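Some notes on the structure that comes next.
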Amino acid sequence: MSERRVLVNLRGLLTPNPAQAWAVDRIPEAALALEGGRVAWLGRAADLPATWADAPRVDGGGAWATPGFVDPHTHLLFGGNRSGEFNRRLHGVSYQQIAAEGGGIRETVRATRSATVAELVASGEARLKAFRERGVVHLECKTGYGLELEAESRLTAAYAELKRRGWSLDVTLLPAHDLAPEFGGDAEANARAVAEDWLPELVRRHPGVARFCDVFVETGVFSADQGRRIFEAGQRLGLIPRLHADELTWTGGAELAADLGAASADHLMFCSEAGMRAMAATGVTPVLLPATTLFLGMRDWAPARKMIDAGCRVALATDFNPGSCPCVDPLTVLRLGCLQLRMTFEEAFTAMTLHAARSLHHADLGHLHPGARAEVLLWDVEEMLELVYWVGEPYRPRFLPS
């Protein structure tokens, strides 16, 4: 696309500045020059360079312009749902008891193993449309509800088809999402199968589909040592580590992420201060998932303020999944970032745009500076803070016409 155009009639423009960790540019009465699907210039409309005088105008309708949201942690594809289990939890049955009875993630595994690639693609596309209409322009999406090679392969094939259809995705292989029932609780044998057999075969069958690999490093699932071996196997295959870390207990997940040079460590409700410092020193992005804490009724919110003070570039994500967070709404996460994680609006917004994109190693997403993809949202509000202030208001952004 070589079309040149200028977005005008904006109340203002709000964008993180990629040159500084937490800097946000707020430009009143702004204009945005676009060329070839990229941002070419931004600033006050009165300062538009003369070289853009003859470019076609796009009317922003007096809205605020922002970059689109990036969601760096989702479990997009799965079969069935677990709303019945949710109701049982409301009646006092614990998540652990449901899992012990064969429910929980194993219920989703059974439904996912019976789903065809076509069924997974259809449900995934419907969910992607729901994310898109709420302003999410790029997602990280995990496998992980197969827990055996053939089902994980179908999940990967479904992601490949969604990418072929033009959806903006990064795929993460997560066959170590939980202990597969066939291993009878033998985490060591399970980890060995993932590292030595499943990951190499998934990459062989689906070359170029996945960029990342993930492991649930947690008490009762995979240990840090087992996770390390799986991640090192993934790295030999060209997969970048991201990991579920310190979600329910401290397991040294943040420290492991730093040692591996991982792209991210996610959840982190029980992250140690040493882990925070290690992530900051090595550039690992903490990806926090407050909607999961809310949905599970937990009291331990991730210590975002301590992480920021330690020098971490925190990101926020939905953690969309059928068991612990069936949420496709970025505004819910933005509000929880402010109201429960005690982040400022500017910090939470940056965490859902620039820092989320950087956790996925994308320099051209999450901001509207020159060179960025022209993924522009238009918000019909007087001030951007209204997105958080009016709790429960179902704001929906507009998109630039194609």
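The values are calculated or read from the model by the stated rules, or taken from the named source; none is laboratory data. Quick caveat, the model's predicted, so the values are computed rather than measured. All Cβ positions, even for glycine, are placed from backbone atoms using ideal geometry, and neighbour counts span all protein chains on display. These area figures cover heavy atoms from the full protein model, side chains too; ligands, DNA and RNA do not enter into them. Shrake-Rupley method; radii C 1.70, N 1.55, O 1.52, S 1.80 Å.
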Flag if Thr318 is at pLDDT 95 or above, of a type in the set (Ser, Thr, Tyr), surrounded by 24 or more Cβ atoms within 10 Å (Cβ to Cβ) and in a loop (DSSP other than H, G, I, E, B): yes
Count of the stretch 82-111 residues which are over 19 Å from Gly185 (Cβ atoms) and not in a helix (DSSP H, G or I): 5
Only one of these conditions is not met by Trp22: (1) surrounded by 16 or more Cβ atoms within 10 Å (Cβ to Cβ); (2) closer than 19 Å to Glu375 by Cβ. Which number is it? (2)
So how many residues does the stretch 28-54 have that are open to solvent by 50 Å² or more (accessible area, probe 1.4 Å), without any contact (Cβ under 8 Å) to a residue 40 or more places away in the chain and farther than 16 Å from Gly12 by Cα? 5
State the number of residues belonging to the stretch 112-122 that are surrounded by fewer than 18 Cβ atoms within 10 Å (Cβ to Cβ) and either acidic (Asp, Glu) or assigned to a helix (DSSP H, G or I) (or both). 5
Starting from the stretch 372-400, take each residue that is within 21 Å of Cys338 (Cβ to Cβ) and list its partners that are open to solvent by 20 Å² or more (accessible area, probe 1.4 Å) and of a type in the set (A, V, I, L, M), counting only C-beta distances under 9 angstrom and pairs at least six apart or across chains. Leu377/Leu400; Val388/Leu339; Val391/Leu339
Give the stretch 95-153 a look and list any residue that's in contact (Cβ under 8 Å) with a residue 24 or more places away in the chain and small (Gly, Ala, Ser), or say none. Gly104, Ala111, Ser114, Ala115, Ser123, Gly124, Ala130, Gly135, Gly144, Gly146, Ala151, Ser153
Quick check, is Ala191 closer than 27 Å to Asp71 by Cα, of a type in the set (Gly, Ala, Ser) and touching a residue at least 24 places away in the same chain (Cβ under 8 Å)? no
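Report yes if some residue within the stretch 7-23 is of a type outside the set (Val, Ile, Thr) and under 30 Å from Ala122 (Cα atoms); otherwise report no.
no
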Any idea which residue in the stretch 124-133 is farthest from Thr156 (Cα to Cα), counting only those that are open to solvent by 10 Å² or more (accessible area, probe 1.4 Å) and in contact with a Leu (Cβ under 7 Å, 6 or more places away or on another chain)? Arg127
Just to verify a result, which residue in the stretch 362-392, among those that are within 21 Å of Glu347 (Cβ to Cβ) and open to solvent by 80 Å² or more (accessible area, probe 1.4 Å), is modelled with the lowest pLDDT? Val391
Could you list, in sequence order, the residues of the stretch 231-248 that are closer than 14 Å to Ala210 by Cα, small (Gly, Ala, Ser) and crowded, with 21+ Cβ neighbours inside 10 Å? Gly234
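Just one of Ser123, Ser114, Ser153 is hydroxyl-bearing (Ser, Thr, Tyr) and more than 28 Å from Ala189 (Cβ to Cβ); which is it?
Matching residue, one of Ser123, Ser114, Ser153: Ser123.
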Restricting to the stretch 249-282, and then to whatever is open to solvent by 30 Å² or more (accessible area, probe 1.4 Å), of a type in the set (A, V, I, L, M, F, W, C) and outside any helix (DSSP H, G or I), can you tell me which residue is farthest from His362 (Cα to Cα)? Trp250
Inside the stretch 283-309, the number of residues satisfying the requirement of being within 23 Å of Ala23 (Cα to Cα) and either hydrophobic (A, V, I, L, M, F, W, C) or surrounded by fewer than 23 Cβ atoms within 10 Å (Cβ to Cβ) (or both) is 13
